[in-house]
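Report on the structure given below.
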Amino acid sequence: MRLRLNIIHHQQCHTPYEKTNAVEDRLDLHLLLICSFSTMDQSQTKALAALQPFVHLATTTKDPSPRFVAELIKSAISAPGTYIFTELLQTLACQSLRETDSQSWLTLLEIFSWGTYEEYKATPNLPPLDGPQTFKLRQLSLLTLSSPFAPSSTTTTNTLTYPSLLQSLFLPDAESLESLVTQSIYSGLLTARLSPTSSPPVVNVTSVAPLRDLRPQSLPALLQILQTWESRCTSMVSDLEAQIASIRNTASQRSTTQRKRQEAIDAAVLNTKPNDSPEDRKTGGRTLRGAQRLPSKRDIDAHMEGEGDDFSDSEERMDLDEGIGGDMGPATALRGGHAGGSSRGAKRNRGRGAK
C-alpha cells in the first residue's frame, strides 16, 4: 500500500507556549493547518492529472517493448507539472524492466518517486539527465530534505542551512539555491522563507506538498512520527480543557463576589432607612448629627474581605453645620433657620429695588 503524506510544521508547536497566548497561538496553528492542507491538496491533484496520459499509455499499450517503456519514463520525468510517479511506477509495463538491460530506467523512476539528487549521483550506470530533469529532481530532493523523513534529519525544526543544501543538491553557489527555493515556492511545492542574512544563512520551511512517496520499509518511522503527533494533540487538548475549567472557575468566583457585594449594598440601604418619628417630622426628615450614612464601595469591599467586622465610627458619621443655633434647642435652631431665610429674602428684595 502506498502512502503519501502532507508534512506541515509550525515553529511554535515545537517550543513552549506562553500561558497568556496559548489559546491564540493554537488557534493560529489550527488555521495554518487547514489552509496548508487545502493548498497542498490542489498541488497533488495537478501533479496526478499531469501524469495520467503516461499512465494511460503504459496500461493500454499491448506488449510494450523495453525501449518504448524507457522513452515513456523519459517523457514522464521531463513533462512540466509531473511530480508524482508512483502510479506509473506500479504499472506492469514499468515493472517489466526489472532484471533487464533497461532496469536503469526503472531505478531512475524510483529515485524520482522517493529518492534524492544525492542518491542519483551516488548510483552508477544511470541514464544522464538534461537541464529540466536535473532541476526537477533537485526540487523533489528539497521536499525530501525538508521533511522529517529525511535520513539525516535529527530534529523537527525544519531549518536547513545554506551549506548543507548546497552540498546535498550539488549547487555551485547561494544564488542557485535561492533561485531553486523561490521557483519551488511559486510552483506550490513548499512554503518557506529565506534568511540569507542570518548566521549561518538558513531556509525556514513551514510546509511541504504531498508529492513524495514513502520509501519501502519506512512504515516504522512513519508510525513513530504519528505517535509523536498524537501525544502532542493529546497534550494540547488537555491544556485547553484545563484553561476552560480555570476560566469557568474565575467567572463563578466573580459572580459570587458581585452577588455578595449587591447583598451588602441592599442590607446597608435597609439599615439606614429613616424612621417616621416625631423628631424626624420636626426636623423635616433631615438626618442630624449621629445618624448613619450609606457606606462607600471601598467600605463594602473591605467589609467583605474581612478587614473589619464593623465600619469605623469616623466613616459612619456625617458632620452637619449646626448654624447659628448650634447651642440652642431644636425650636430655637429652627427659628434661627427661618430668620436666616427671611434675612436672605430681604437682601434679594433690596437688590431688586436697587435695579
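Of note:
- Each residue of segment 103-116 is assigned a 3J(HN,Hα), and the resulting list reads 5, 4, 5, 5, 4, 5, 5, 5, 5, 5, 7, 9, x, 10 Hz, derived from the Karplus form 6.51 cos²θ - 1.76 cosθ + 1.60 (θ = phi - 60°), x at Gly and Pro.
- LEU166 paired with ARG232, simple spin-label distance in nm, labels 7 Å along Cα-to-beta-carbon: 3.1
- Residue-wise HN-Hα coupling along segment 174-184, computed from phi with Karplus coefficients 6.51, -1.76, 1.60 (Hz; x: Gly, Pro): 5, 4, 5, 5, 5, 5, 5, 5, 5, 5, 5
- Across SER96, SER168, the residue with the most accessible area heads the list, and the full order at a 1.4 Å probe is SER96, SER168.
- ARG98 accessible area, assembled protein chains, probe 1.4 Å, Å²: 100
- For segment 131-210, the relative contact order is 30 percent, taking Cα pairs closer than 8 Å that sit 6 or more residues apart in sequence and dividing their mean separation by the residue count.
- Shape class of segment 189-233 from the alpha-carbon gyration tensor: prolate, with a/c at 1.5 or above and a/b greater than b/c.
- Using θ = phi - 60° and Karplus 6.51 cos²θ - 1.76 cosθ + 1.60, couplings along segment 245-259 (whole Hz; Gly, Pro as x): 4, 5, 5, 5, 5, 5, 5, 5, 5, 5, 5, 5, 5, 5, 5
- In terms of packing, defined here as the mean over residues of other Cβ atoms within 10 angstrom, the peptides 102-111, 169-178, 82-91 line up highest first as 82-91, 102-111, 169-178.
- Net lengthening on full extension, SER78/GLU263 (0.36 nm per residue, minus Cα-Cα): 58.5 nm
- Here the gap between THR45 and GLN90, fully extended at 0.36 nm per residue and compared with their Cα-Cα distance, gives a gain of 14.4 nm.
- Note on segment 87-242: with charges restricted to the Cβ of Lys and Arg (+1) and Asp and Glu (-1), its dipole about the Cα centre is near 80 debye.
- Around the amide H of SER187, modelled in the peptide plane, lies no amide H under 5 Å away from a residue 5 or more places distant or on another chain.
- Measure of compaction for segment 131-210 (Cα Rg per 2.2 N^0.38 Å): 0.99
- Amide H to amide H distances under 5 Å link THR161 with VAL203, where only residues 5 or more positions off or on other chains count and H is placed in the peptide plane.
The values are calculated or read from the model by the stated rules, or taken from the named source; none is laboratory data. As the structure is a computational prediction, the values presented were derived from the model and not from experiment. Quick reminder, even Gly has a Cβ in these numbers, built from the backbone with ideal geometry, and neighbours come from all protein chains shown. The accessibility values were calculated without ligands, DNA or RNA, using every heavy atom of the protein model including side chains. Shrake-Rupley method; radii C 1.70, N 1.55, O 1.52, S 1.80 Å.
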